[in-house]
Amino acid sequence: MILRRSVLAGALASTLVLAACGSTADSGAGGGTGAGGVKTDKGVTDSTITLGVMGDTSGVFKNLGAAINAGNQLWADDVNAAGGICGRQLKLEIVDHGYKADTAKTLYPQLEPKILGIVQLLGSPVLAALKQNLIDDNVTAAPASWSSQILNNPNIMMIGTTYDLEQVNGLAYLQQQGLIKDGDTIGAIYIDGEYGGNGLRGVQYYATKHNLKVQEAKTTSTDNDLTNIVTGLKGAGVKAIALTTTPGQTASALAANKALGLNVPVIGNNPTFDPALLKSPAAASLDKLYVAASSPPFSSKTPKAAQLATEYKAKYAGSPLNAGVDVGYVEGLVWQSVLTKACDNKDLSRAGVQTALKSLTSVKTDGLVAELDYSSPGSPPTRGVYIAKVDPAAEGGLTEVAPLFTAPEVADYKAPFQK
């Protein structure tokens, strides 16, 4: 698996074009008018539009990150094959921050002068570290992070719904299936920080709606043994567990769930599962895990998801199979809508991108995520998710059990910065 990840990282590095050239716009100079009478500044020449990718191919989410990168590239290849956008070909410049905020802070100044915007910015800690940079430089970024806490940043282009709403939908699904009921006690294991805290926020909201008692258990991203935490939850009599954790922590929690005889259903946010877990010692214990995510699982029969799975396997043979490829592709599709609108407006500057984004009220993505509305600042652009369950027989390890599921409870949920 390590070799495969190395091969994928190398393939991505070799296939992604690392710099745009030939324009003062790309050198950081002031804006002007380019081909087609379109206003431009950074990252755009008469022949190219360069977007950045700040992903993780060496850190705790490296398998997911590599697949997201691949999805970004598949999208760019498709657009270029169809003639590009605004008479220009797309170029992607990729960097790997390894899910480390300090590394991202070092890489960003090297990347920023070359790009119009960022097609993928992975990780809540990285987003927090770069928040002011994005604002100061007016760089629009699509985060591979889904915390509603970042929606106060006007330069964030959220793709899908947020961690809190994933948990609301996920718990609602469990209750609809009769796996929990009003008045139950449930556990919530979450990483200390924006990612974990946002998942917990959704759990707490759902609990107030259904008189659930929540046993909270905070951990760190480097703590990989959750046995003591699950032991405590068993003692509290929990009927289900909600996870906003790393994949390694998911494996530990599920293994303890089974070993201790607790055997309750577990609902995880979208980054909690990695198909590599099915080859780990915890594999036999993962049957209780459900995952709530904006994008469908890799094995989805949704036509566009199935097409992407085929293309991914052909181009990146032997690489980990996970839903990251759909995430990466849909990030591109939303950028495509924004760039097309900006082109129509004759303004491919960074300010023009912002204007175009805020005017979009109905972005469709061939079912890869629910319809998106970017006209309400601070509000998640959609509230629907796919619900999947671990299935070792399925490609990518997950089987879709609820397509684009939207629980009634999400209608009244107010995100932290929602107006």
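Values as computed for the structure displayed
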item: Any hit, segment 273-280, residues being in a loop (DSSP other than H, G, I, E, B) and within 30 Å of Asp182 (Cβ to Cβ); result: yes
item: In segment 172-217, the residues that are at positive phi and touching a Pro at 6+ places or on another chain (Cβ under 7 Å); result: Gly193
item: Search result, residues across segment 174-206 that are in a helix (DSSP H, G or I) and open to solvent by 20 Å² or more (accessible area, probe 1.4 Å); result: Gln175, Gln176, Glu194, Gly197, Arg201, Gln204, Tyr205
item: Matching entry among Gly352, Gly396 (being farther than 17 Å from Met158 by Cβ, touching a Pro at 6+ places or on another chain (Cβ under 8 Å) and surrounded by 14 or more Cβ atoms within 10 Å (Cβ to Cβ)); result: Gly396
item: All positions within segment 111-133 that are closer than 27 Å to Leu333 by Cβ, of a type outside the set (A, V, I, L, M) and open to solvent by 10 Å² or more (accessible area, probe 1.4 Å); result: Glu112, Pro113, Lys114, Pro125, Lys131, Asn133
item: Flag if Ser319 is of a type in the set (S, T, N, Q), open to solvent by less than 10 Å² (accessible area, probe 1.4 Å), more than 14 Å from Asp78 (Cβ to Cβ) and in contact (Cβ under 8 Å) with a residue 60 or more places away in the chain; result: no
item: Close pairs from segment 154-169: first assigned to a helix (DSSP H, G or I), partner open to solvent by 10 Å² or more (accessible area, probe 1.4 Å) and of a type in the set (Val, Ile, Thr), Cβ under 7 Å, at least 6 apart; result: Asn169/Thr406
item: Scan of segment 359-404 for residues that are farther than 25 Å from Leu179 by Cβ, hydrophobic (A, V, I, L, M, F, W, C) and within 16 Å of the chain's Cα centre (by Cα), ordered by number; result: Leu368, Val369, Leu372
item: Flag if Gly261 is open to solvent by less than 60 Å² (accessible area, probe 1.4 Å) and either in contact (Cβ under 8 Å) with a residue 40 or more places away in the chain or not in a loop (DSSP other than H, G, I, E, B) (or both); result: no
item: Number of positions in segment 161-194 that are within 20 Å of Asp326 (Cβ to Cβ) and modelled with pLDDT under 95; result: 0
item: Of all residues making up segment 274-291, the number that are open to solvent by less than 20 Å² (accessible area, probe 1.4 Å) and under 21 Å from Glu400 (Cβ atoms); result: 4
item: Single match in Thr161, Thr208, Thr185 (criterion: among the hydroxyl-bearing types (Ser, Thr, Tyr) and within 30 Å of Ala259 (Cβ to Cβ)); result: Thr185
item: Unique match (being touching a Leu at 6+ places or on another chain (Cβ under 7 Å) and among the polar types (S, T, N, Q)) among Ser376, Ser349, Ser359, Ser337; result: Ser337
item: Residue list for segment 264-273, restricted to those being open to solvent by 10 Å² or more (accessible area, probe 1.4 Å), under 13 Å from Val390 (Cβ atoms) and under 19 Å from the mean Cα position of the chain (by Cα); result: Phe273
item: Considering residues of segment 41-55 that are among the polar types (S, T, N, Q) and in a loop (DSSP other than H, G, I, E, B) only, the residue most open to solvent (accessible area, probe 1.4 Å); result: Ser47
item: Total residues in segment 327-365, condition in a loop (DSSP other than H, G, I, E, B), of a type outside the set (A, V, I, L, M) and farther than 14 Å from Ile85 by Cβ; result: 6
item: Verdict on Ala370 being in a loop (DSSP other than H, G, I, E, B), of a type in the set (Gly, Ala, Ser) and without any contact (Cβ under 8 Å) to a residue 12 or more places away in the chain; result: no
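The values are calculated or read from the model by the stated rules, or taken from the named source; none is laboratory data. Keep in mind that this is a model prediction, so the values were computed, not measured. No Cβ is skipped: glycine too gets one built from the backbone with ideal geometry, and neighbour counts run over all protein chains shown. The protein model used for the area step is the full one, side chains on, heavy atoms only, and it has no ligands, DNA or RNA in it. Shrake-Rupley method; radii C 1.70, N 1.55, O 1.52, S 1.80 Å.
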